[in-house]
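Trainee: What follows is a structure written as structure tokens; I'll ask about it next.
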Amino acid sequence: MMLVNEKALFNKLTQGDEKAFETLFNAYYAPLCLYASHVLSNDEKAEEIVQELFVYLWSQRNSLTINSSLRSYLFRSVKNQCINWIQHLKIREKHASKMKETALREYQEADYFLEVGLAEKIEESINSLPEKRRQIFKLSREQGLKYQEIADQMGLSVKTVETHMGLALKQLREKLSDYKDYFIGLALFKINKR
């Protein structure tokens, strides 16, 4: 049961006594915020929950019935709201995680289908390059050689290697113009690392 002065304050509150409400607020606001903050590890949300409780107390003062002590009622109410908020966060996190998984799965599936057709087009386009240009392109992309290393291996000048690479990339861009550059780069990287 409520303590005598708690009961008197609560009775005055139910009759719309603002002084009684202010007394309750001053007595319990800080301890309730501290308690909620300890449960949530979030000071802002703790204060919000406690403020909402006091707004509820005032707005429902005419119909509110409390069978335990007022103190127990207030702390239990804050605890329940904290639990509700934690559960709400978990549900939101779970939903966000599912959305992310779905989006990732859809992206990977779309990427796979795009890549299958694109891989064939790229391979076909590379094979259509003139012999020396194709050889320079493959040494650069498949073996990761630098222009100087390609020049040394093929007995060419670095400038010639640069020219052939520029022409090879231009020709590939033209042949693969139906595909976006981002996907071409991604597919070229994947195919040539095999």
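Trainee: Residue-wise, which Karplus ³J(HN,Hα) couplings in Hz belong to the range 14-20, taking 6.51 cos²θ - 1.76 cosθ + 1.60, θ = phi - 60°, and x for glycine or proline?
Mentor: My calculation for the range 14-20 gives 5, 8, x, 6, 5, 5, 5 Hz in order.
Trainee: Computed FRET efficiency, Cβ-Cβ of residue 97 and residue 38, R0 22 Å: what is it to the nearest 0.05?
Mentor: On the way: r = 27 Å, r/R0 = 1.24.
Taking R0 as 22 Å, the efficiency between residue 97 and residue 38 is 0.20.
Trainee: Tabulate in residue order the Karplus-calculated ³J(HN,Hα) for the range 124-132, using 6.51 cos²θ - 1.76 cosθ + 1.60 with θ = phi - 60°, rounded to whole Hz; enter x for Gly and Pro.
Mentor: Karplus values, whole Hz, x for Gly and Pro: 5, 5, 5, 5, 7, 5, x, 3, 5.
Trainee: I've got another one for you. What list of ³J(HN,Hα) couplings, whole Hz, do you get for the range 93-99 from phi and the Karplus terms 6.51, -1.76, 1.60, once you set θ to phi - 60° and write x for glycine and proline?
Mentor: Working through the residues one at a time gives 5, 5, 5, 4, 5, 5, 4 Hz.
Trainee: Right, something else. Any idea how far apart residue 174 and residue 29 come out in nm if each label point goes 7 Å out from Cα toward Cβ?
Mentor: 7.6
Only the coordinates and a few stated rules stand behind these numbers; no lab work does. Note that the structure is a prediction, hence the values are computed from the model and not measured. Here Cβ is always computed from backbone atoms with ideal geometry, including for glycine, and neighbour counts include all displayed protein chains.
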